[in-house]
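Take a look at the structure below.
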């Protein structure tokens, strides 16, 4: 503020175009959240309940815009065969939790499905549904099972099906994320888990489900990193669920492996909620193994920037001699065909954690093959900040052997979701694979690819499927392969954590950004890189300064301005912008003035890129350079925005609905809409009306020429400036990151996102 890709066949036309690119880039326990006991009878839902009533979640659903819509990710392990029976030990429909069940019928005939709800402390209930042939269905468990329930699921189909269970959550009102239940096809008396953690920022649960008609006694044994073990005894009522909070059993500060030994068949699942290193929160879930394996394969793996990959190894105690040794070979197979091998040794009852980033080196897309001289249990957790806008983690138990056929139940290309397929070809010859996608609208798509020998292959599903599609998949190959499906969920709503990261990068990572200096040039390069990463065409516009130097505007758009219907003229457009330079001679790092506004613009650009072009509006995001006063007592300021307005062609200017300027929105007590009062008030009035209709208090304040709305208003273009007042530290060295109030940033961003969407129709 101043004075060569896969081949695709289709069962229907009109395919969308996916965004290219690969990945770049302990609080008090709340007993009521996860350990509430349920009393009273369960409600039996009607038989043959029509599943298609719950098939799709509308994009504008209140859930998707609420606090539980989380940035996180999951990793689905494909299965070789469908099954008539599926079991899921974990499930919760309490406040902040939204549970779904994704069911894929890969058969050419319809399938009848029964879903049994096994509650914690209440009688079971059931629903019935019909799944059409080669069709993906999605059931809303919160609606079907009732709110506020701890439950497990038992599925029975008259034909073999594939099922997965996603849960999106706001855990304990502090950590947002999502978990994925792979499900198991039969209960067992033994279960093993290599991964587990009760260190600071980790909260772990073990869920046990009894699908039988008799009480089952089960013993959960937890082995710590120091070799000590602790035991929890459970008595699980018939058709019921038991929850163990592992932090309470073993205490804080431990790495944990777990074994379950039951007197009858049970199902088990381990869920972890976390704030990894105090920066990336989320959750992941594992169904564990019923027996140790001699080999485990993990198709997914990445050690690039923003990804931490781990491998957890556990050799369970089975009564052998203490001195026995398990020699474990970990083979890393890289995308491109290279490989490495490493050897580790385990003692009986030992759990070991391997840092794959250190093992394989950074920047690698890789798969893992784990082989033990004795059977062992392995899991691969990964924690990440995907694309700088999706923090979380996922986990996989891998698979025991490659196969020629694989099935996946869950997948989506809805706005804010980024699905991938990772395929490991273990053969010494190339593999030809075909992927048949069953979409939620009843249509299908097919993709064929060739996977090099002894190599890892990655497919970005957004490149081959239309946007907005739910899908399941069947993959067939002429050589044995292993398949996993990472699914990242940065979301398409304003996420304040992303904006705060940008404020940190600009004000601390770069610091002062005085117009015409190297600091400002670095900031322009940063902004351009972020916007290009979101899929925008980016122009860095050079702007001359009167002192002989240069400043820069960073301009980003998804579409050309000309009308797409072949008619003459330009589409109606909106500029969303703010400056990124800082005031010279002050030593200010410019956290509020104006890293805060620039960060809001960047996060809005990300959200709207996820949603795709708006039918009624073309957007241009502009980060202006040279806004601050160059010489005190003069009119030498707003160089970037004045240059931008002067360079507009007549048809561009005529099509411009206006400009929204975001400047200083992180410090103060009240957000204001401001104009100079000399230009058209259409845009400002529309924003004020939208805010009032949304229940947001947004007073109007007439201003002077203090921000980049000035040249727009003087040119007769509607403009409005959003500012939070008042900031006592701006233009001083105290304008620092720690002063920023994320609540102001979030209110500004969510207000503008809703307003822009309302204009776009």
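What to note about this one:
- So residue 463, is it over 30 Å from residue 388 (Cα atoms) and surrounded by fewer than 20 Cβ atoms within 10 Å (Cβ to Cβ): no
- Residues of the range 287-314 satisfying the condition of being in a strand (DSSP E or B) and more than 27 Å from residue 325 (Cα to Cα): 302, 307, 308
- Of all the residues in the range 643-668, those that are part of a helix (DSSP H, G or I) and modelled with pLDDT of 95 or more number 4.
- Scoring residue 247 on the criteria (1) more than 30 Å from the chain's Cα centre (by Cα); (2) farther than 18 Å from residue 287 by Cα leaves a single failure, condition (1).
- Flag if residue 494 is at pLDDT 95 or above, buried (at least 19 other Cβ atoms within 10 Å of the Cβ) and not assigned by TED's automatic domain parsing to the domain that holds residue 738: yes
- One residue alone among 262, 258 is out of contact with any helix residue (DSSP H, G or I) (no Cβ under 9 Å at 6 or more places or on another chain) and closer than 26 Å to residue 292 by Cβ, and that residue is 262.
- Between 642, 674, the distinction of being surrounded by fewer than 23 Cβ atoms within 10 Å (Cβ to Cβ) and in the same structural domain as residue 544 (by TED's automatic domain parsing) belongs to 642 only.
- Elements of type helices (runs of 4 or more DSSP H) in the range 679-761, at least 2 residues being within 28 Å of residue 493 (Cα to Cα) and either at pLDDT 95 or above or not assigned by TED's automatic domain parsing to the domain that holds residue 587 (or both): 682-693, 742-760
- Residue in the range 599-606 that is modelled with pLDDT under 95 and under 33 Å from the mean Cα position of the chain (by Cα) present: no
- Failed item in (1) closer than 26 Å to residue 652 by Cβ; (2) outside any helix (DSSP H, G or I), with residue 547 passing the rest: (1)
- Residue identified as within 30 Å of residue 494 (Cα to Cα), out of contact with any strand residue (DSSP E or B) (no Cβ under 6 Å at 6 or more places or on another chain) and modelled with pLDDT of 95 or more among 200, 164: 200
- Conditions (1) touching a strand residue (DSSP E or B) at 6+ places or on another chain (Cβ under 6 Å); (2) surrounded by fewer than 23 Cβ atoms within 10 Å (Cβ to Cβ); (3) closer than 30 Å to residue 170 by Cα: number failed by residue 305: (1)
- Failed criterion for residue 317 (all others in (1) surrounded by 14 or more Cβ atoms within 10 Å (Cβ to Cβ); (2) part of a strand (DSSP E or B) hold): (2)
- Subset of the range 249-280 (residues that are surrounded by 15 or more Cβ atoms within 10 Å (Cβ to Cβ) and outside any strand (DSSP E or B)): 249, 250, 254
- For residue 454, the stated conditions hold: it is under 30 Å from residue 331 (Cα atoms), in the same structural domain as residue 133 (by TED's automatic domain parsing) and modelled with pLDDT under 95.
The values are calculated or read from the model by the stated rules, or taken from the named source; none is laboratory data. Since this is a predicted model, take the numbers as computed values, not measurements. Positions of Cβ are generated from backbone atoms using ideal geometry, with glycine treated the same way; all protein chains shown enter the neighbour counts.
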